[in-house]
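What follows is a single structure, written as structure tokens, with notes after it.
Computed from the coordinates by the stated procedures, all read-outs in this text should not be read as laboratory data. From a predicted model like this one, the values you see are computed outputs, not experimental measurements. Here Cβ is always computed from backbone atoms with ideal geometry, including for glycine, and neighbour counts include all displayed protein chains.
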Amino acid sequence: MYRRNSKFYSLVLILCDTLVLIAAFVLAYVARVQYDPRPLLHNIYAFDYLFYFLLIVPFWIQIFALIGLYQPQTYNRRLIEWFKIGVGVFIGVLLVIGWEYVVDRNLFPARLVAVYALIGSFLLILLEREILRFIRSLMFRYGKGTKRVLLVGSTGITADIAKSLDDTARSGYEVIAIAGPKRYLPTKFAGHHYSRVEEALKNIQLDRIGAIIQTDLYEDDNRNQKILSIAQEHHIDYSFIPAQAEFYSGKNIIDVFLGYPMITVYQTPLVGWGAILKRIFDLSLVLITAPLWLSIIALFVILQKIFNPGPAFFVNNRLGRYGKVIKIYKFRSMMAKYSGQDAIAIFKQMGRDDLAEEYARTRKIDNDPRITRFGQFLRVTSLDELPQLLNVVRGEMSLVGPRPILPDEKGFYKQRGALLFSVKPGITGLWQVSGRSDMSFEGRVDLELYYAQNWSFWLDLRILFKTIAVVLFARGAR
């Protein structure tokens, strides 16, 4: 069902893109010919202009298809979609200009028509796709066009994925059933629970499952094969998510070694030239925007003195690259008397053993009583991290990277910290913009490992844009 819905949505996109492209070129023609008094380079009649453009539109749509604008992995990711729309529109306008040379016939009455068409096509397709995205979300909210999922697993990752997919209007997924131990069910789970996967597979049609997501393998290979066979038999999607994040990096290489499939785990591109290019990017962006962020820091120093008396800044020891201790700068968000003291000891002094246990388990606290009202504002908007731009200038941190951890947190990473400590920590990162504030400590480490293994400039730009949204709309993981 979901595959059919995806194909139908792609067809809707093709139809709407075609109509919007035609509308954009008609408006470009009208804007230049009807409302611009300057003389035209060529007298092109509207009928001829539209006729030749209609001949070109199918090729333009094929360009959109070739760059993936009708694939779920593109239209489900807003920033990637915007980027590819820009690329597709630019190539499309070049196609029209090239057509002029091939047929030796003028298609544009003036050069500005091509410029108007370029800008108009991009903006209108962007608007069209955002409207369709909104309509699609509304349909998801009412259970239309969603992918009905069976989760199979016996680890905390199963519950974490179920929580993440709970927002059906956003994800497009609906967790119908979970096969595994009851203790891993998320709270308020309203779907079906099966203690044995065999029971879930018997009801695969009754539950109208459209996809199976397995989070760990059974010791019995026959059970694993049975799950895959059922998915193939009923023509539904099957995905496997390893419990160890290190093994699902997109940079891994799959090859054949001595007749066996072999996965070579790629470490990180943030060594050698990757690290040098990232440093140039960070330093250039920070220096270009220096007048803006220095002004904001000066303003908040004044506000700190008014609303949060005491030192404006809080200097803390954290672990940087290769585990080296660095001093990072933040706006102080706690009461001055608690700043810099051991959190667990403070909570016990307050008589809040529950908070001490929560902090020991998750390394963070919701509604922390040590934080002032102004400090809470700084934290919710992530503006308390702004002074760390000074650490970026000094080369101790990067704009984007893993969270800089406290020295006493190193033990929580166990053997998984080696890769993270080989890259610079960042002011913001994949976890901070994930919007999942209830994520477990292990889940946060998984995201940071994914970032270290899959770093690219495009990924950094996506995270930076999402960070701006977190600051402006006070949302994201905190």
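A few comments on the model shown:
- Coil-residue chymotrypsin sites (Phe, Trp or Tyr not before Pro) of region 41-146, DSSP, other Cβ within 10 Å capped at 14: Y45, Y142
- Contact order normalised by residue count of region 147-243, Cα under 8 Å, 6+ apart, percent: 31 percent
- For K182, a cut-off of 16 angstrom between C-alpha atoms picks up these lysines, skipping any fewer than 8 places away in its own chain: K163.
- Structural descriptor for region 2-141: relative contact order 39 percent, calculated from alpha carbon pairs under 8 angstrom and at least 6 residues apart.
- Taking each DSSP H run with n ≥ 4 as -39500 (n - 2.57) and averaging over every residue of the chain yields -16500 deg cm²/dmol at 222 nm.
- Here is what passes the span test in the chain: the DSSP H helices with alpha carbon length of 15 Å or more along the helix axis and a Kyte-Doolittle mean of 1.6 or above are 46-66, 290-307, 457-473.
- When DSSP beta bridges are restricted to pairs lying wholly in the chain, around 40% turn out antiparallel.
- Cα-based values for region 2-141, radius of gyration first and Dmax second, are 16.1, 53 Å.
- Taking a straight line from the alpha carbon of K348, these lysines sit under 17 Å away, with near neighbours fewer than eight places off in the same chain left out: K337, K364.
- Region 323-340 versus region 268-291: alpha-carbon centroid distance in Å: 25 Å
- Diffusion coefficient, µm² s⁻¹, Stokes-Einstein with Kirkwood Rh over alpha-carbon pairs of region 147-243 at 10 °C and 1.306 mPa s: 121 µm²/s
- Under 5 Å between amide hydrogens, built in the peptide plane, is the criterion, and for I405 it picks out L319 among residues at least 5 positions away or on other chains.
- Rel. contact order, % - alpha carbon contacts under 8 angstrom, at least six apart, the chain: 11 percent
- Part-to-part distance (alpha-carbon centres) for region 144-173 and region 51-104, which is given in Å: 34 Å
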